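Right, one structure below, let's go through it.
The values are calculated or read from the model by the stated rules, or taken from the named source; none is laboratory data. On a predicted model such as this, the values are computed, not experimentally measured, just so you know. Reconstructed Cβ throughout: ideal geometry from the backbone, glycine too, with neighbour counts over all protein chains shown.
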């Protein structure tokens with residue numbers, strides 16, 4: 001008897017991150033799910049130090065804004081040189097993190113997970129020369145209505161939220177459907193409360209319905225206790 005083995009090639013996602021602080025990412029990307037994803041060759045994360053793409057001795061990446069004003073603005077030329085050197089796949093997208101960008105949602109995570117290569121530009125200081133948004137980035141993204149010191153944390157947020165949608169990364173892919181903002185749950189619904197052992201801790205008890213074994217009633221309880229985001 002002969003058996004034909006069909007090898008399914010799992011998709012690999014490549015993330016290129018442009019930053020002036022490359023060391024920020026080490027501890028987060030070297031732990032847990034993202035560490036395993038990289039070891040399994042499902043995800044490749046490459047950090048690009050923007051200062052490597054400067055010409056002067058001081059490795060200057062920012063300058064004063066035209067028209068005056070406080071702070072410094074990141075220059076277009078080093079970012080252009082870096083983006084030009086990054087090897088991109090056929091299905092790639094360049095994202096600039098910006099306070100004026102589109103607010104990031106789980107729907108965006110699913111949309112971006114369909115690409116093979118995502119490049120993230122992490123701004124700093126008073127912002128990035130607008131010509132980067134106009135001529136280099138495909139879109140601008142914000143992770144919320146608040147101010148951060150740079151785009152490095154948003155980059156980690158996107159790498160994390162997108163990577164877990166890639167087949168083969170999570171141990172149980174069905175968990176994606178039932179968690180908050182999952183495919184089978186409307187984007188406006190947050191996941192129901194979760195409990196585990198012991199049943200009684202310091203007088204704080206698990207709801208009896210979850211111990212009943214009645215799956216239909218448990219499902220109804222979970223639907224009732226899922227929170228609607230307004």
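Looking for something in contact (Cβ under 8 Å) with a residue 24 or more places away in the chain, more than 20 Å from residue 49 (Cα to Cα) and either not assigned by TED's automatic domain parsing to the domain that holds residue 24 or not in a strand (DSSP E or B) (or both) - is there at least one such residue anywhere in region 114-125? First the steps, then the outcome.
First, the residues of region 114-125 that are in contact (Cβ under 8 Å) with a residue 24 or more places away in the chain: 115-125.
Next cut, more than 20 Å from residue 49 (Cα to Cα) only: 115-116.
Now narrow it down to the ones that are either not assigned by TED's automatic domain parsing to the domain that holds residue 24 or not in a strand (DSSP E or B) (or both): 115-116.
Within region 114-125, one or more residues are in contact (Cβ under 8 Å) with a residue 24 or more places away in the chain, more than 20 Å from residue 49 (Cα to Cα) and either not assigned by TED's automatic domain parsing to the domain that holds residue 24 or not in a strand (DSSP E or B) (or both).
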Collect the residues in region 17-47 that are part of a strand (DSSP E or B) and either under 9 Å from residue 159 (Cβ atoms) or outside the structural domain of residue 96 (by TED's automatic domain parsing) (or both), keeping them in residue-number order.
17, 43, 45
Scan (1) surrounded by fewer than 19 Cβ atoms within 10 Å (Cβ to Cβ); (2) farther than 19 Å from residue 134 by Cβ for the single condition residue 101 breaks and write down its number.
(2)
